[in-house]
Amino acid sequence: MAGQSRKWMILVATIWIQAFTGTNFDFSTYSSDLKSVLGISQVQLNYLAVASDLGKVFGWSSGLALLYFPLWTVLFAAATMGFVGYGVQWLVITNVISLPYILVFLCCLLAGLSICWFNTVCFVLCIRNFPANRSLALSLTVSFNGVSAALYTLAYNAINPISTQLYLLLNALIPLIVSFAALIPILRQPPLEPLPPDGVRRDSFMFLLLNILAVLNGVYLLLFGSKTSGVTSARLLFGGSILLLILPLCLPGLVYARNWYLHKVHSSFRLEGSGFILVDVDELEIHKGMVTREASFDGYQLLNDDVVLRTAITPVQKSFIEDENNRSCCSNLIRRNQLGMLGEEHPLFLLLCRSDFWLYYIAYFCGGTIGLVYSNNLGQIAQSLGQSSETTTLVTLYSSFSFFGRLLSATPDYIRAKFYFARTGWLAVALFPTTVALFLLASSGSLSALQAGTALIGLSSGFIFAAAVSITSELFGPNSVGVNHNILITNIPIGSLVYGFLAALVYESHSTAGSKTGSVICMGRDCYFLTFVWWGCLSVIGLGSSVVLFLRTRRAYQRFEQDRIASSMLYS
């Protein structure tokens with residue numbers, strides 16, 4: 001019983017860590033000041049943003065560290081790297097010290113690496129303590145990483161709303177403080193205990209409650225995250241946000257009262273555990289066993305003949321058969337070398353030979369990565385449109401909608417029993433708002449268009465970031481997800497460099513030299529017009545790649561769903 005309570009305290013600690021370590025999302029709030037103090041060009045400023053993203057290239061080092069050191073030491077190593085990386089930048093931007101550009105670049109790289117180490121710690125905690133509901137735990141905790149910018153904006157307004165340099169100091173100190181707060185539950189991790197027969201269902205209900213609290217957090221931060229009516233009210237609002245983060249601590253009490261919940265709630269509101277998880281490891285093993293026992297689709301039978309004769313064809317089976325009967329030249333091209341089943345492990349050489357992987361890579365590269373680069377340039381975009389005073393509001397807007405997008409990435413798991421749709425199809429749907437937003441921004445320079453575009457891009461990129469781990473696991477194997485997903489996200493630093501460099505060149509081509517520091521400043525819609533057009537065209541390519549990926553993987557998802565339904569009927 002006590003172990004069950006402690007694992008929920010660990011989940012809350014993981015939420016705290018994620019909520020305060022998405023420090024790369026507030027780069028836009030102080031980037032203009034950093035550019036001015038260093039006297040650098042827009043291209044050089046872009047390189048500093050790229051440096052933070054380059055930390056993902058070295059993210060594998062955190063996994064290596066966990067092989068030799070306990071988890072808490074890796075957590076504090078991450079906090080120390082962030083403290084040094086952001087702390088030195090704060091000293092530079094406040095003119096306490098002066099450093100050459102290359103050292104500031106290395107500080108940005110160190111700060112970006114700390115974020116990867118924090119993420120690794122959180123992933124390990126979720127997987128260790130929630131093996132049966134790992135996808136729900138990961139989706140929930142990763143979602144809170146998207147609200148960091150809004151939380152830091154509230155803290156900034158509560159302390160000193162006239163000094164944007166304060167963001168860097170908060171980025172250095174708060175993750176370190178949160179690491180100390182999370183230390184006690186992490187050190188008291190419970191031993192892994194087998195769940196009772198109804199344990200997965202009960203835990204799923206707990207996750208439902210946590211997601212409701214998460215939505216309340218997101219709505220609260222969206223409504224009040226950028227309010228600047230006064231220091232006193234800002235402090236009250238910041239206190240309210242901290243209270244909402246503390247509320248999940250009531251979950252241990254709910255665990256102790258589980259008998260009451262089972263008697264009063266589950267009798268009228270039943271939640272099946274399998275309905276919440278799209279691809280569980282055990283389900284994948286059953287699915288792979290079923291597929292490998294069949295030589296072809298003609299001999300593909302889910303149950304014995306007597307059971308099949310008494311069972312109506314499901315909508316999934318019907319669409320599966322229709323696909324077989326409607327072949328064309330285009331469909332033959334789509335079927336060439338496509339995945340036969342979900343969950344098949346892909347070592348590195350096989351992964352790189354898969355057309356599906358490169359379609360997935362392009363979709364991510366031309367979708368979620370563009371959203372991240374947009375957030376890095378948000379400060380200069382607002383400044384060029386004469387909306388510098390709205391920068392913190394825009395950052396909060398992006399952060400909040402990124403949070404909602406991450407929460408929505410769990411939608412396929414929750415509605416699976418009512419409406420089944422391949423997760424790669426959801427990826428294509430999620431990419432569409434980015435395309436709409438970029439062309440909207442290119443067509444209008446008004447504040448309302450800027451706000452709408454920022455919200456759409458945040459929603460889209462948040463969904464993609466959170467759903468990517470599950471998609472990688474489903475398409476290329478759950479046991480290889482650590483390596484394969486790190487290969488996938490190499491597109492982030494590449495995209496950050498390429499897209500940011502493109503934006504910087506367009507920006508500087510329409511800019512004038514600043515009067516004091518010599519740094520270039522651009523004003524007007526022309527500063528980013530071509531950038532939005534180019535990014536929009538690239539997002540169309542990403543959208544097209546995601547659609548082709550969906551068409552190529554739909555058969556594997558349908559077959560998996562058939563196996564899941566058949567196995568549930570067989571063992572029910």
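Quick rundown of the values:
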quantity	calculated
Cut-off under 5 Å, modelled amide H: who pairs with Arg525 long-range	none
The stretch 14-43 versus the stretch 92-149: alpha-carbon centroid distance in Å	13 Å
Karplus-derived 3J(HN,Hα), 6.51/-1.76/1.60, for each residue of the stretch 204-220, Hz, glycine and proline x	4, 5, 4, 5, 4, 4, 5, 5, 5, 4, 5, 4, 4, 4, x, 5, 4
FRET efficiency, 1/(1 + (r/R0)^6) with R0 25 Å, evaluated for Tyr68 and Glu345 via beta carbons	0.45
Gain on full stretching of the segment that runs from Ile415 to Ile102 - 0.36 nm per residue minus C-alpha separation	107.7 nm
Hz values of 3J(HN,Hα) by residue in the stretch 180-186 - Karplus curve (6.51, -1.76, 1.60), Gly and Pro given as x	5, 5, 7, 5, 4, x, 5
Estimated vicinal HN-Hα couplings, Hz - the stretch 25-41 in sequence order (Karplus 6.51, -1.76, 1.60; Gly, Pro = x)	6, 9, 4, 5, 6, 10, 5, 5, 5, 5, 4, 5, 5, 7, x, 10, 7
DSSP-assigned coil residues among chymotrypsin sites (Phe, Trp or Tyr not before Pro) in the stretch 343-448, each with at most 11 further Cβ atoms within 10 Å	Phe419
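Every number here is computed from the coordinates shown, using simple stated rules; none is lab data. Quantities reported herein were computed from a predicted structural model and do not represent experimental measurements. Glycine gets a Cβ as well: all are built from the backbone with ideal geometry, and neighbour counts include every protein chain shown.
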